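The numbers here are math on the coordinates, done by the rules we state, and not lab data. Predicted, not measured: the structure shown is a model, and the values here were computed from it. Note: ideal-geometry Cβ built from the backbone for every residue, glycine included; neighbour counts use all protein chains shown.
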């Protein structure tokens with residue numbers, strides 16, 4: 001086989017199927033450039049004439065290379081260079097369309113690249129990313145895996161594949177990919193937090209903490225690591241430790257709604273209502289339509305006995321998405337605290353038209369008691385005890401009623417036991 005034929009076989013588009021270690025179009029181009037440089041050297045006038053003179057049989061010489069051979073190599077190089085230039089332009093266009101959110105058009109351009117060069121890793125990863133962004137995770141996995149068959153250590157293919165497995169909720173597969181990635185890029189704290197998140201979802205909190213801490217050693221203000229550690233400590237009942245991480249995250253980034261809300265909830269449970277309200281207000285500055293923050297703030301205002309403000313906050317919570325039944329019941333509670341029995345009753349009745357609510361029934365029982373309709377209150381509470389025999393709130397309300405109205409105890413079977 002001639003030297004030229006061997007070179008062209010090496011450089012052919014399907015060479016990757018025959019030549020071990022073949023990687024990409026760029027490698028073909030580099031190899032061809034080497035051959036051209038070598039050939040020009042061999043054809044140099046500085047070499048002895050015997051090494052430069054082409055034979056009559058087709059331009060090949062002993063120990064050297066003829067001019068015709070160099071020209072043929074140059075044509076092949078120009079052809080590959082032109083293709084490469086066109087693919088580069090297509091790739092830039094596809095990337096721009098991708099950044100603009102024009103996913104369909106971007107995928108079409110990446111697909112054009114793959115028609116020219118099926119082994120273009122950039123295009124394979126590009127389509128994988130587009131599939132993943134559109135939650136077509138299984139298809140994304142196929143593209144990333146095809147890219148990794150060509151370049152097994154490709155950074156972006158590994159990242160995308162791990163994220164695609166996460167989208168499929170295949171945590172073990174995602175972990176395997178991310179851990180391989182970290183073996184190649186050990187300082188990537190973003191992937192450390194992905195690993196930690198996966199371990200947390202699997203319930204392995206110690207390993208999760210390990211990777212969150214690793215991430216914080218590289219980036220002390222990493223939001224995901226701070227939030228993850230705070231959540232782990234909160235989950236373990238260590239509110240103080242969790243609060244430490246939430247507030248550190250708040251200092252680093254005052255627009256993290258999840259950290260603000262988590263810190264506010266801790267202060268609310270501690271009955272430190274003013275501090276909790278400060279954090280809920282910061283959430284509402286970021287998103288005035290956050291129904292959870294309105295509800296939390298309303299609950300704190302009720303704790304501070306500012307019932308009119310609490311009612312307004314619950315109305316806004318309901319306006320922005322809070323369950324109407326729950327919100328209306330809370331509004332009824334507010335009016336009950338204000339001793340406006342008519343408005344309280346109207347709200348409880350409205351809530352009960354939406355669905356069953358034990359707190360609305362308790363509110364109606366309290367209204368009946370205040371109106372001295374003891375039998376009606378007893379009927380409501382007896383119904384609740386029968387419906388929810390294991391509910392401690394219902395049991396507490398019933399016991400309190402029996403203590404205040406001992407005469408009705410004899411009319412209720414088992415009342416003396418509950419008291």
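Numbers below:
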item: Label-point gap, in nm, between residue 111 and residue 376 - each point 7 angstrom along Cα→Cβ; result: 7.0
item: Debye intensity ratio I(q)/I(0), log10, the range 247-300, q values 0.25, 0.32 Å⁻¹ (C-alpha model); result: -0.89, -1.31
item: The range 143-223, Rg to Rh (Cα coordinates; Rh as Kirkwood inverse mean 1/r); result: 0.98
item: Cα centroid separation, the range 342-410 to the range 253-301 (Å); result: 31
item: Mean projected area (nm²) of the alpha-carbon convex hull when the range 184-265 is viewed from all directions; result: 5.1
item: Tail beyond 27 Å, pair distance distribution of the range 109-255 (Cα, percent); result: 32
item: Potential extension, residue 103-residue 356 segment - 0.36 nm per residue separation minus Cα distance; result: 86.4 nm
item: At R0 = 45 Å, FRET efficiency that the Cβ-Cβ distance of residue 145 and residue 251 yields, to 0.05; result: 0.60
item: Globularity index of the range 310-374, i.e. its alpha-carbon radius of gyration over 2.2 N^0.38 Å; result: 1.05
item: Extension reserve of the residue 407-residue 205 stretch, reckoned as 0.36 nm per residue once the Cα distance is removed; result: 67.3 nm
item: Order of 318, 383 under a 10 Å beta carbon neighbour criterion, fewest first; result: 383, 318
item: Hydrodynamic radius of the range 279-401 per Kirkwood, over alpha carbon pairs, in Å; result: 15.0
